[in-house]
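Below is one structure; the comments refer to it alone.
The values are calculated or read from the model by the stated rules, or taken from the named source; none is laboratory data. All values derive from a computational prediction rather than experimental measurement. All Cβ positions, even for glycine, are placed from backbone atoms using ideal geometry, and neighbour counts span all protein chains on display.
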Amino acid sequence: MSSTLGVSRPDQASYMLRVAAGDAGRAYKQQMLDLLDVQAGQTVLDVGCGPGTDLPALAGRVGDSGTVIGVDRDPAMLAQAREHTNSLHQVQVREGDVHALPIEPSVVDRAKIDRVLMHVADPADALTQLHRTTRPGARIGLAEPDWDTLIVDAEDLETSRAFTRYTTAEVVRHATIGRSLARLAEQAGFHVEAVLATTPVFRDFQEADHTLGLGRNMQKAIDDGHIDRNRGHRWFASLSRGPFYASFTLVSVICSR
């Protein structure tokens, strides 16, 4: 058996661009943009914009008279976002942290946070920061996975369950943030208008290994003593032989200020 499993961890920008380009990524992102109902001339904030994946689409909706602000704290992400939007005069890319957003109070008409809160130090504080920046009547979209719902089909069901438990407990900082989004949004002062759940389904093993980290996280679980090495390797090898199925739940919340 090889000493490591699956694909190596991709750089974060490439990973985010690939996820966004997949069928599941395109579907929920389009749904969120439609529900945000961005209008020409508005100011739109993308918190944790990453490599700028969604900034062009937002720019298209605000038109020449609007403004799109992308905020991220990672210099590599910011560089890609600026390169991605250098021809779009209405886009501003700013360096900043979700806990200290570089945005004036009450200036934002529409905002989104997409798969960012699961990684931050304090999701509730981040939403409080977002509330400070939005105008009365603003519309906000939030989207986060709930990794407790990750299921991977395998004959060895117990190892699949152990893999999900390890992912939830050790890999993702706030792994069950998806189910908490509506509650946290209301506690931050927003009015929740809709809560939606979608289920991205993976039938291609290689795509799932890349997106869900099947091999690299199983290797971590083995190294940390959570799963027996031989059992983990057998589980991963069985997945690669197919047919393959995995899925998880992604929760989207649309709220207003």
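Tally up the residues in segment 40-59 that are within 18 Å of the chain's Cα centre (by Cα) and part of a loop (DSSP other than H, G, I, E, B), please. Matching residues across segment 40-59 total 7.
Of all residues being assigned to a loop (DSSP other than H, G, I, E, B) and acidic (D, E) in segment 185-225, which is nearest to A143 (Cα to Cα)? Just the residue, please.
Taking the candidates together, the pick is D204.
Within segment 167-180, residues that are under 9 Å from D146 (Cα atoms) and in contact (Cβ under 8 Å) with a residue 12 or more places away in the chain reach partners that are surrounded by fewer than 16 Cβ atoms within 10 Å (Cβ to Cβ) and among the aliphatic types (A, V, I, L, M) with beta carbons closer than 8 Å, at six or more positions or on different chains, in the pairs A175/A169. For segment 185-204, the condition of being within 30 Å of R132 (Cα to Cα), out of contact with any helix residue (DSSP H, G or I) (no Cβ under 9 Å at 6 or more places or on another chain) and modelled with pLDDT of 95 or more holds for at least one residue. Of everything in segment 56-82 that is surrounded by 19 or more Cβ atoms within 10 Å (Cβ to Cβ) and polar (S, T, N, Q), the residue that is nearest to V120 (Cα to Cα) is Q80. When segment 81-102 is filtered for residues that are within 13 Å of G48 (Cα to Cα) and either of a type in the set (G, A, S) or touching a residue at least 40 places away in the same chain (Cβ under 8 Å) (or both), the ones remaining, listed by number, are A81, V93, G96, V98, A100, L101. Put simply, of L150, L142, L157 the only residue that is modelled with pLDDT of 95 or more, under 29 Å from S106 (Cα atoms) and not acidic (D, E) is L142.
Taking the criterion of being farther than 16 Å from R161 by Cβ and touching a strand residue (DSSP E or B) at 6+ places or on another chain (Cβ under 8 Å), the residues of segment 205-246 that qualify are A208, T211, F244.
For segment 161-173, does any single residue satisfy the condition of being in contact with a Lys or Arg (Cβ under 8 Å, 6 or more places away or on another chain), part of a loop (DSSP other than H, G, I, E, B) and not polar (S, T, N, Q)? Before the answer, list the steps.
The first filter runs over segment 161-173 and keeps only residues in contact with a Lys or Arg (Cβ under 8 Å, 6 or more places away or on another chain), leaving 166, 170-171.
If we keep only those that are part of a loop (DSSP other than H, G, I, E, B) too, we end up with none.
No, segment 161-173 contains no residue that is in contact with a Lys or Arg (Cβ under 8 Å, 6 or more places away or on another chain), part of a loop (DSSP other than H, G, I, E, B) and not polar (S, T, N, Q).
Quick check on my filter: what residues within segment 53-79 are polar (S, T, N, Q) and either at pLDDT below 95 or at positive phi (or both)?
From segment 53-79, those polar (S, T, N, Q) are 53, 65, 67; that's our starting set.
Selection gives T53 alone.
Of the residues making up segment 165-195, those that are under 16 Å from the mean Cα position of the chain (by Cα) and surrounded by fewer than 15 Cβ atoms within 10 Å (Cβ to Cβ) number 1.
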